[in-house]
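For reference, the structure discussed in these notes is given below.
The values are calculated or read from the model by the stated rules, or taken from the named source; none is laboratory data. If you're wondering where the values come from, they're calculated on a predicted model, not measured in any experiment. Cβ atoms come from the backbone with ideal geometry, glycine included; neighbour counts cover every protein chain shown.
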Amino acid sequence: MIRLGNFNVVLDACILYDSHIRDLLLRLAEKELYQPIWSNSICEEVHRNLKNRIGDEKSSKIIKIINEAFPEALIDNYCKAINILDDRINEKDRHVLATAICANAQVIVTTNLKDFPNSILKEYTIEAQSPDTFLTNLFYLSFDKVFNSYIEMEKSFKNPIITREELFNRFSARTPNFCNLLKPYLSKNIIKIY
């Protein structure tokens, strides 16, 4: 599926193993606000980190679910691109940039911004953004879709139930600017849920 004029976005492993951020970002990809991209190397890193928290079986299931939901997201022809990258990018992070280059991605969403200096990324017309910046940009791009996706996500937490306040507090810790924009609308709940 092609989304929003080929707006390709690499989701770094640190984004995919944060369950709430992953949930919201993938809901937004389903609404075609962007095309998510990752590689087997990114998925392996997610699996390694998740299995320590939730076990091997559940971790494998999450990777399987996201790959089945977004088969076009998986890019694994980045090996040639990795060879052109020099020591300015840490060896453990080169596969992420190589994936972005091969996918013609415009953005890498990561919490590790220091690992992806924009001075290097601009050579490839790529920008690293925090999840806070990326969600804020999507909020301005398509308020209705972002707000509705957040509400849908909020309503999906049934076992265990997570209250609006709990979820908002979790998001506020990671995405304060996005939450500052979202908060007035949550209190009003003014948008019809589709």
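Which numbered condition in (1) modelled with pLDDT of 90 or more; (2) surrounded by 14 or more Cβ atoms within 10 Å (Cβ to Cβ); (3) aromatic (F, W, Y); (4) more than 18 Å from N6 (Cα to Cα) is the only one that F70 fails?
(4)
List the helices (runs of 4 or more DSSP H) that sit entirely inside segment 69-164 and contain at least 2 residues that are within 15 Å of L33 (Cβ to Cβ).
The helices (runs of 4 or more DSSP H) meeting that bar are 131-141, 143-156.
I'd like to know if segment 73-90 contains one or more residues that are closer than 17 Å to R22 by Cβ, touching a residue at least 24 places away in the same chain (Cβ under 8 Å) and not polar (S, T, N, Q).
yes
Can you tell me which of V146, V107 is under 15 Å from R22 (Cα atoms), surrounded by 14 or more Cβ atoms within 10 Å (Cβ to Cβ) and either hydrophobic (A, V, I, L, M, F, W, C) or in contact with a Phe, Trp or Tyr (Cβ under 7 Å, 6 or more places away or on another chain) (or both)?
Answer to the selection: V146.
All but one of (1) touching a helix residue (DSSP H, G or I) at 6+ places or on another chain (Cβ under 9 Å); (2) in contact (Cβ under 8 Å) with a residue 24 or more places away in the chain hold for Q129; state the number of the condition that does not hold.
That leaves (2) as the condition not met.
One residue is enough: does segment 39-53 have a residue meeting the conditions among the β-branched types (V, I, T) and not in a loop (DSSP other than H, G, I, E, B)?
Looking through segment 39-53, at least one residue is among the β-branched types (V, I, T) and not in a loop (DSSP other than H, G, I, E, B).
Of all the residues that make up segment 73-94, how many are surrounded by 12 or more Cβ atoms within 10 Å (Cβ to Cβ) and either of a type in the set (K, R) or at pLDDT 70 or above (or both)?
Going through segment 73-94 one residue at a time, the tally reaches 8.
Of all residues in segment 110-131, how many are buried (at least 18 other Cβ atoms within 10 Å of the Cβ) and in contact with a Lys or Arg (Cβ under 7 Å, 6 or more places away or on another chain)?
Final tally of qualifying residues: 1.
Can you name the residue in segment 15-26 that is at pLDDT below 95 and assigned to a helix (DSSP H, G or I) and, of all such residues, is surrounded by the fewest Cβ atoms within 10 Å (Cβ to Cβ)?
Ranking the candidates gives S19 first.
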